[in-house]
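The values are calculated or read from the model by the stated rules, or taken from the named source; none is laboratory data. A quick note: this is a predicted structure, and the numbers were derived from the prediction, not measured. Cβ atoms come from the backbone with ideal geometry, glycine included; neighbour counts cover every protein chain shown. The accessibility values were calculated without ligands, DNA or RNA, using every heavy atom of the protein model including side chains. Shrake-Rupley method; radii C 1.70, N 1.55, O 1.52, S 1.80 Å.
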Amino acid sequence: QQPRAWWKEGVVYQIYPASFKDSNNDGTGDIPGIISKLDYIRDLGIDIIWISPHYKSPQVDMGYDISDFEDIHEPYGSLEDCERLIEEIHARGMKVIFDLVINHTSDQHPWFLESKSSKTNPKRDWYFWRPPKFDQQGNRRRPNNWRSQFTKPAWTWDETTQEYYLHVYADGQPDLNWENEDCRRAVYGSAIRFWLERGVDGFRVDTANKYSKVRGLPDAPIAEPDEETQLAMCHYANGPRIHEYLKEMKGVMSPFDVMTVGELPNTPDRADVLKYISASSGELDMVFNFDTVGLGQTPGNRFLPIPFDNVDFKYNLTKWQALPETTDAWTTVFLENHDQGRSVSRFASDLPQFREASAKMLATVLTSMTGTLFLYQGQEIGMINAPASWSELNYKCVRSVNYFNDVCERAGNDPAALEEARRNLQRVARDHARVPMQWDDSANAGFCADGVQPWMPVLESHVDINVSKQLGRQDSVLEYWRSLLKLRKRLSALFVYGKFTLIEQQKDLMMFLKVDSGTGLRALTVANLSKARMSFDEEPHFPLDGAELLIHNRSSKLVDLDRRMSLEPFEARVYLRR
Ligand code: TEU
């Protein structure tokens with residue numbers, strides 16, 4: 001039986017500060033804006049708020065390039081604002097976690113500026129500096145063939161000291177050298193202890209498996225012979241000392257009652273995942289697995305589409321549901337974050353006639369699954385992706401911009417190639433999650449005053465999809481989420497901790513059983529993942545006669561007997577048996 005914990009039962013709501021609420025009408029969201037919406041978040045049924053990076057940063061990668069861990073990005077507010085935010089969240093009975101971005105810093109961080117200043121600087125070894133190689137013609141070559149996550153080579157040349165530095169993300173994000181103990185200690189003090197002492201209740205740990213690089217930084221295997229750089233994840237994901245580092249980091253946090261949730265891309269195998277989250281090994285409390293959010297994206301090249309269907313969706317979404325049952329490990333449930341398109345658009349349908357049912361269907365599935373539930377801002381009202389008509393100029397994320405420029409460079413002005421690139425952006429760009437939160441139907445969606453230019457365009461769909469239209473409207477996506485979260489809290493032994501069993505019947509039907517072994521309570525979730533009406537077979541272990549219909553995305557708490565075994569497009573129900 002899983003021991004209970006606040007961070008297992010708590011529902012987490014992720015806020016992207018730039019796009020949540022702009023209080024001073026400069027077009028960028030800010031901390032006072034967040035504070036003004038805390039009642040809204042609490043009333044939704046949220047227990048824990050996760051704030052994406054709000055630290056001082058030149059914003060090469062939207063704050064995932066930090067130039068001072070102990071200060072705030074000026075347009076978001078001051079350190080005092082941030083302290084008030086922590087207080088105000090606590091005053092409402094909620095907890096708050098911050099983003100912990102420690103694989104790299106900004107190239108404007110004083111540590112890097114020092115490191116860069118000379119080869120003999122005491123902080124030189126805090127980053128990865130390497131001399132050039134030379135080919136037979138005497139041309140300068142990079143130290144190895146690694147590609148960065150944002151498509152460019154993972155090395156950038158520095159004129160002053162005539163060496164390259166390593167960055168597995170953008171060139172403004174040099175990788176910290178975790179091999180250096182002074183560097184690690186500085187990170188622990190500045191990025192972790194500083195905030196724990198100010199009352200933060202934990203961290204979402206960015207790229208939690210990438211701090212340890214393979215010794216010698218060898219060339220990556222050549223998988224794409226025509227390319228000058230190669231995917232090198234195998235040399236920096238789950239590296240040789242990663243578990244040592246994470247244990248050390250846990251030691252820094254252990255005097256405090258905190259939660260940690262780490263990003264764990266490129267780790268498909270259970271045994272590898274368990275090393276990070278087994279409670280006895282003491283590293284992270286839980287991780288985000290990338291199986292579901294990565295669907296449709298080629299590993300290492302998200303814009304290259306790969307087909308998937310609802311069988312893939314079901315399998316990947318539920319792949320880690322058994323973790324809490326057989327081990328001392330815990331798991332997460334999520335479909336969205338700031339790096340992914342909207343779940344309604346990706347995994348259901350955002351057509352006007354289907355999108356409300358879709359949003360509620362996905363919500364029904366998520367809230368009846370086992371693990372800590374994470375919601376991303378706007379998911380609670382069923383926000384959708386930007387439309388296909390969006391110009392490439394609207395996309396601002398470093399990954400999207402580099403991708404489009406790369407296509408332009410390679411394909412010249414071939415209209416077909418550019419059109420395809422636009423389609424790929426519309427499918428999976430990170431920008432879809434980064435547009436302003438839709439509070440009402442005014443010109444700037446209530447994110448900032450009308451007449452102000454928001455940093456990202458407001459989606460046209462805000463006229464129909466917004467908070468004010470949904471608040472208090474019984475059948476809205478928002479009120480449905482609120483009901484679901486109440487139910488999840490009331491029956492937490494079943495929904496948060498229960499034993500999960502997937503029932504396979506047909507491709508587009510999602511059906512699963514939850515059992516609370518303490519009380520014997522059982523729930524059955526059925527969801528139609530498709531646009532077509534379907535019928536399903538009764539599950540012998542869960543007769544519907546005598547079962548209570550707990551919740552239903554078609555508003556009615558009753559389903560006519562003659563249509564009980566059939567589901568409308570994107571219909572979802574949860575039944576309970578005592
Ligand atoms: O994302 C890192 C990350 O998980 C992806 O780049 C992943 O490695 C890739 O999709 C391959 O599976 C985090 C943040 O969430 C993101 O916003 C930042 O850009 C990135 O780290 C760098 O800090």
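Go through region 174-273 and name the GluC sites (Glu not before Pro) that are in a DSSP coil and have 15 or fewer other Cβ atoms within 10 Å of their Cβ.
E197, E227, E228
Quick one: if the Förster radius is 56 Å, what FRET efficiency do E224 and R563 give, using the C-beta to C-beta distance and rounding to 0.05?
In this case the efficiency is close to 0.60.
Give, in nm to one decimal, the length gained when the segment between D312 and D328 is fully stretched (0.36 nm per residue of separation minus the Cα-Cα distance).
3.1 nm
Calculate how many DSSP beta bridges within the chain are antiparallel, expressed in % of all such bridges and rounded to the nearest 5.
In the chain, approximately 60 percent of DSSP beta bridges are antiparallel ones.
Residues with beta-carbon under 10 Å from that of L113, excluding L113: net charge, scoring Lys, Arg +1 and Asp, Glu -1?
Here the charged neighbours net out to 0.
So for region 466-523, averaging the separation of alpha carbon pairs under 8 Å that are six or more residues apart and normalising by length, what relative contact order in percent results?
22 percent
Provide the convex hull volume over Cα atoms per residue for the chain, in Å³.
Each residue corresponds to 155 Å³ of Cα convex hull volume.
Any chance you could run the full-extension gain for K396 through S492? It's 0.36 nm times the residue separation minus the Cα-Cα distance, nm to one decimal.
Length difference between fully extended and current span is 30.5 nm.
From the residues G202, W146, C183, which one has its Cα farthest along the dipole of region 137-228 in the positive direction, the dipole being from +1 and -1 charges on Cβ of Lys/Arg and Asp/Glu about the Cα centre?
G202
Per residue, how much accessible area does region 441-514 have with a 1.4 Å probe, in Å²?
42 Å²
Can you give me the distance in nm between label points at D39 and R130, each placed 7 Å from the Cα along the Cα-to-Cβ direction?
Taking the two extended label points, one gets 5.6 nm.
Identify, among L366, I51, V496, the residue whose Cα sits farthest towards the positive end of the charge dipole of the chain, taking +1 on the Cβ of Lys and Arg and -1 on the Cβ of Asp and Glu, with the dipole about the Cα centre.
Of the listed residues, the answer is V496.
Would you calculate, for the chain, the mean residue ellipticity at 222 nm contributed by helices, counting each DSSP H stretch of 4 or more residues as -39,500 (n - 2.57) and dividing by all residues, to the nearest 500?
That comes out to -7000 deg cm²/dmol.
Once you charge only the Cβ atoms, +1 for Lys and Arg and -1 for Asp and Glu, what is the size of the charge dipole of region 1-50 about its Cα centre, to the nearest 20 debye?
Roughly 240 debye, rounded to the nearest 20.
Pairs of lysine in region 1-138 with Cα under 27 Å and at least 8 positions apart or on different chains: total?
14
I'd like the carbon and sulfur percentage of the solvent accessible area for the chain, probe radius 1.4 Å, heavy atoms only, ligands and nucleic acids excluded.
50 percent
I'd like the FRET efficiency for R578 and R198, computed as 1/(1 + (r/R0)^6) with the beta carbon distance as r and R0 of 45 Å, rounded to 0.05.
So, using R0 = 45 Å, E works out to roughly 0.45.
With +1 assigned to the C-beta of every Lys and Arg and -1 to the C-beta of every Asp and Glu, and no other charges, what is the dipole magnitude of the chain about the Cα centre in debye, to the nearest 20?
That gives the chain a dipole magnitude of about 1280 debye.
Once you charge only the Cβ atoms, +1 for Lys and Arg and -1 for Asp and Glu, what is the size of the charge dipole of region 293-391 about its Cα centre, to the nearest 20 debye?
Dipole about the Cα centre, nearest 20: 200 debye.
Of the options Q506, L478, L529, report the single residue whose Cα projects farthest towards the positive end of the charge dipole of region 430-573 (beta-carbon charges: Lys, Arg +1; Asp, Glu -1).
Ranked along the dipole, the leading option is L478.
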